[in-house]
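Since every read-out is calculated from the coordinates, none of them should be taken as a lab result. Since the model is a prediction, treat every value here as computed from it, not as a measurement. Reconstructed Cβ throughout: ideal geometry from the backbone, glycine too, with neighbour counts over all protein chains shown.
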Amino acid sequence: MYKGYLVDKNLVAKDPHFAMGCTFCHKGNENGGAKESAHKDLVKRPSDNLKTCGMCHRQIADTYGKSLHYTTIGQRQGVMKRFSPTELKQFDEKVFQQSCRSCHASCGGCHVKAPPVGGIGLGLIQGHKFVKKDEGKTCAFCHGGRVYPEYTGEYGGKPDVHYQKGMLCMDCHKKSDMHGDGSTYLSKQDVKDRPACTNCHSKLGQEAKLTTRAAHTRHKGKVTCYGCHASAEYRQCYNCHLDTGSTAKPGFLLGLNPRDRKTLTTLRLIPTVRDSFKHAGVAMSNFDSLPNYWDTPAHNIRKRTDRTRSCDACHTDKTGLLTRETLVEKGSKANEGLIYNIKPIPINK
Amino acid sequence: MGNKSLLLFLAPALFSLLYSSSTIAAGKNNCLVCHTSDATMKLLYKPPAMGVSEGEG
């Protein structure tokens with residue numbers, strides 16, 4: 001849509017980014033009389049090269065170059081154990097660099113022009129204004145397949161209570177999470193000061209209501225907040241192949257956290273299958289070394305859910321709990337290790 | 001004398017007009033001649049081509 005390339009002329013006099021002229025960042029030929037000649041050697045996304053913004057925003061550019069949003073290394077880390085050393089090398093060359101890595105966010109992708117997803121984009125966020133944040137036009141695009149619509153309720157469940165209270169992504173995921181803190185993390189799990197419910201909800205076990213206090217005290221260290229407070233089904237993706245993509249349907253899964261087998265949490269099916277990368281000629285000889293389900297911080301939190309209203313939801317009905325029968329077909333052998341055999345609550349306690 | 005006075009009178013105004021930040025910016029930003037015009041951008045933009053059967057109800 002042409003409006004995606006329309007610059008707000010009111011910005012020109014006020015915004016210092018315009019002082020050096022468009023071609024300073026975008027190259028091209030500002031004296032070209034026609035579109036084609038003006039766009040010769042045009043750089044569409046100048047901030048893909050961090051040195052562009054880094055000319056003025058040196059410190060941010062330096063730290064951002066190590067951040068997960070830029071490196072996207074977490075995607076590689078999440079799957080690499082499935083490969084032999086030779087397969088990993090092939091994966092890096094043929095898949096990660098060409099496919100996964102294409103999703104990395106440039107400075108402009110968050111601050112100037114909404115990132116295109118599947119070739120479709122919104123264009124300039126606010127007429128080429130360099131915005132500090134606009135989650136609905138940035139985070140929502142890249143994370144619009146799963147987290148964002150689950151958070152807003154568009155996926156079908158009720159909205160997350162934090163969304164209803166007016167909180168958006170940056171209210172929990174701080175600037176340092178996005179820009180990085182100078183450390184090179186290989187996974188979001190390792191990021192220092194990443195969001196945690198207890199950052200705000202710190203007085204667990206001190207509630208006035210007895211049943212709440214008991215529930216929090218008894219489950220502390222055994223069940224994550226999401227285990228009880230995730231309110232609805234969220235997107236589960238299946239059977240992903242490099243050339244054909246994947247399918248998806250709603251589901252709610254509880255099982256042991258693959259990263260911490262002592263804790264029960266919400267799980268999400270990650271759609272890597274045994275021949276996901278067959279199209280690139282890359283096999284996964286150690287496919288069974290990792291499960292197909294990973295812990296997910298379901299972004300559809302509510303105070304009251306089926307599981308907070310009644311202990312029976314889990315302890316008797318076992319609703320949503322992963323079982324041998326519900327495991328994904330032809331999945332990893334490691335999946336069975338995530339099944340938790342929940343015990344009924346003894347009557348006398 | 002009259003012409004000289006007129007010129008002296010108009011000089012500051014001419015100076016402001018020629019060397020204001022927006023004028024300078026426009027001079028450096030010929031790209032914006034098109035990119036700030038809704039009508040021009042609409043004219044220049046080519047929507048992606050549709051397949052033969054796409055768009056049919």
For A:A248, list long-range residues whose amide hydrogen, built 1.01 Å from N in the peptide plane, is under 5 Å from its own amide hydrogen.
A:Y238
Once the Cα atoms of helix A:210-219 and of chain A are each reduced to a long axis, what angle between those two axes, in degrees from 0 to 90 to the nearest 10, is obtained?
80 degrees
Which residue, A:I60, A:I270, A:I120, has the most motion in a Gaussian network model of chain A that connects Cα atoms within less than 10 Å?
A:I120
Could you give each residue of region A:126-137 its phi-based ³J(HN,Hα) in whole Hz, using Karplus coefficients 6.51, -1.76, 1.60 with θ = phi - 60°, and x for Gly or Pro?
9, x, 6, 5, 8, 7, 6, 7, 7, 4, x, 10
What dipole magnitude, in Debye to the nearest 20, does chain A give about its Cα centre under +1 on Lys/Arg Cβ and -1 on Asp/Glu Cβ?
860 debye
Tail weight of P(r) past 18 Å, computed on alpha-carbon pairs of region A:58-190, percent:
62 percent
What's the percent breakdown of Cα-Cα distances in region A:1-120 across 5 Å bins, shortest bin first?
2, 9, 14, 18, 18, 14, 10, 7, 4, 3, 1, 0
Pick out which of A:N29, A:N257, A:N49 has the largest mean-square fluctuation in a Gaussian network model of chain A, springs linking Cα atoms closer than 10 Å.
A:N29
Around A:V223, which amide H atoms from residues at least 5 apart in sequence, or from another chain, sit under 5 Å from its own amide H, with H modelled in the peptide plane?
A:L264
What value does region A:270-349 have for Rg/Rh, both radii from Cα atoms and Rh as Kirkwood defines it?
1.11
Run a plain Debye calculation on region A:134-191 (Cα atoms as equal point scatterers, no solvent) and give log10 I(q)/I(0) at q = 0.14, 0.15, 0.19, 0.28 Å⁻¹, rounded to two decimals, same order as the q list.
-0.45, -0.51, -0.77, -1.17
With the cut-off at 1.5 for a/c, could you classify region A:34-92 from its C-alpha gyration tensor as rounded, prolate or oblate?
oblate
Once amide H atoms are placed 1.01 Å from N in the peptide plane, what residues at a sequence separation of 5 or more from A:K27, or on another chain, have their amide H within under 5 Å of its amide H?
A:V43
Looking at the protein assembly as shown from every direction and averaging, what is the projected area of its Cα convex hull in nm²?
29.1 nm²
Connecting C-alpha atoms closer than 10 Å in a GNM of chain A, tell me which of A:A248, A:A298, A:A114 has the biggest fluctuation.
A:A248
Using the Cα gyration tensor of region A:197-338, the equivalent ellipsoid's semi-axes, largest first and to the nearest Å, work out to 33, 14, 14
Using 5 Å bins from zero, what percent of all Cα-Cα pairs in region A:182-261 falls into each bin?
3, 10, 13, 17, 18, 16, 11, 6, 4, 2, 1
